[in-house]
Amino acid sequence: MIIVLKQGTPQQEIDKLTNIITGKGINVNPMFGSDLTILGLIGDTSQVDPAQIESFRCVERIMKVAEPFKKANRMFHPGESIIKVGNTEVGGKKLAIMAGPCSVESKEQITYVAQEVKKAGATILRGGAFKPRTSPYAFQGLKYDGLALLEEARAATGLPIVTEIMSPYDIEIFDEKVDCIQVGARNMQNFDLLRLLGQTRKPILLKRGLSSTIEEWLMSAEYIMAGGNPNVILCERGIRTYETYTRNTLDLSAVLAVKRLSHLPVIVDPSHATGKFWMVEPLARAAIAVGADGVMIEVHNDPANALCDGAQSIKPDLFAEVMKDIRTIAACVGREA
Ligand code: PEP
Ligand code: MN
């Protein structure tokens, strides 16, 4: 971090500011020019609150040199993180393919879809038991019964399960029952939830917030990692823009940005990104081509009668086609599916 001071700042003001910063264990190197004085801060500047520094009247401006996320930062962890999820991994050469219905609806539905996606090549079964719905009158999920059905589908197929947590009260039961805990877009900045998930060692699938910047997203990963849980998987699921044709706007450039900034694996969810089933296949191909570590795709046996997100859900036969495409693209970019 670099602090640029106002012209003519008296030495005692510089000393006051310097003392505050060195009190946080950071070295301050002042440089006196003919017009400007700048302070170069060396050390863990995550402890420095820019707003506090800016409140000093002698400060002209602050320039960040390093990103505020440390544990998620590639700079301090040059290799790629590979996260173990049940009997599979996310982040290695092999692509992670998370597939399944938006919501768990019945034993028959989840078991059937699980078997179909497994046959086609999925590595992880998804299915919502607790659903974050915009309307309180919409189907809210089967809740704890849904978790039990996911466990049955896992037993029947061997696929590890990922499902969304909504409340900190459920952390213990999720930690016990599921292989990967999903934090949905709406909870990406539920900092209490993130902090508590940091106390587990469970893999966390952290979806990008509805209107979050890449830095905010990585700072949410940092909340989990700062608590001691390094097992974070990022998921780009589209962001709000002025465009209304699609449900959200898929930000594929975020995959590249995150790969440059962080060592964490990142997957792409073309289903929630677009809200349209016919966009899922081409965008899944694009996601793999751009370097994503996998995809999350909503697959439903009967989309027309789905209790949630039918318009973006694909049937198992189309999912099998998507898998063929993914394998073709994977081979071109040095990956496997
Ligand atoms: C989901 O995956 O079911 C979901 C609700 O996604 P998001 O949080 O990305 O909207
Ligand atoms: Mn959904």
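A few notes on this one:
- Residue ID - farthest from ligand 1 (Cβ to nearest atom), chosen from residues in the range 290-315 that are of a type in the set (A, V, I, L, M) and in contact with a Cys (Cβ under 7 Å, 6 or more places away or on another chain): Ala306
- Those residues of the range 101-117 which are among the small types (Gly, Ala, Ser) and open to solvent by less than 10 Å² (accessible area, probe 1.4 Å), in sequence order: Ser103, Ala114
- Meets criteria (out of contact with any helix residue (DSSP H, G or I) (no Cβ under 9 Å at 6 or more places or on another chain), of a type in the set (S, T, N, Q) and within 16 Å of ligand 1 (Cβ to nearest atom)) for Gln182: yes
- Those helices (runs of 4 or more DSSP H) of the range 193-285 in which 2 or more residues are out of contact with any Leu (no Cβ under 8 Å at 6 or more places or on another chain) and under 23 Å from Gly92 (Cα atoms) occupy 214-226, 253-261.
- Which numbered condition Leu318 misses (of (1) open to solvent by 20 Å² or more (accessible area, probe 1.4 Å); (2) within 16 Å of ligand 1 (Cβ to nearest atom); (3) of a type outside the set (Gly, Ala, Ser)): (2)
- Criterion (open to solvent by 80 Å² or more (accessible area, probe 1.4 Å) and aliphatic (A, V, I, L, M)) met by exactly one of Ile62, Ile82, Ile53: Ile82
- When every residue of the range 170-187 is checked against the conditions, at least one turns out to be open to solvent by 50 Å² or more (accessible area, probe 1.4 Å), within 16 Å of ligand 2 (Cβ to nearest atom) and within 14 Å of the chain's Cα centre (by Cα).
- Taken over the range 286-312, the criterion of being closer than 17 Å to Lys259 by Cβ, open to solvent by 10 Å² or more (accessible area, probe 1.4 Å) and part of a loop (DSSP other than H, G, I, E, B) is satisfied by Gly291 alone.
The values are calculated or read from the model by the stated rules, or taken from the named source; none is laboratory data. Bear in mind the structure is a predicted one, so any value in this text is a computation, not a measurement. Using ideal geometry, Cβ is built from the backbone for each residue, glycine included, and neighbour counts are taken over all protein chains shown. For accessibility, only protein heavy atoms count, side chains too; no ligands or nucleic acids. Shrake-Rupley method; radii C 1.70, N 1.55, O 1.52, S 1.80 Å.
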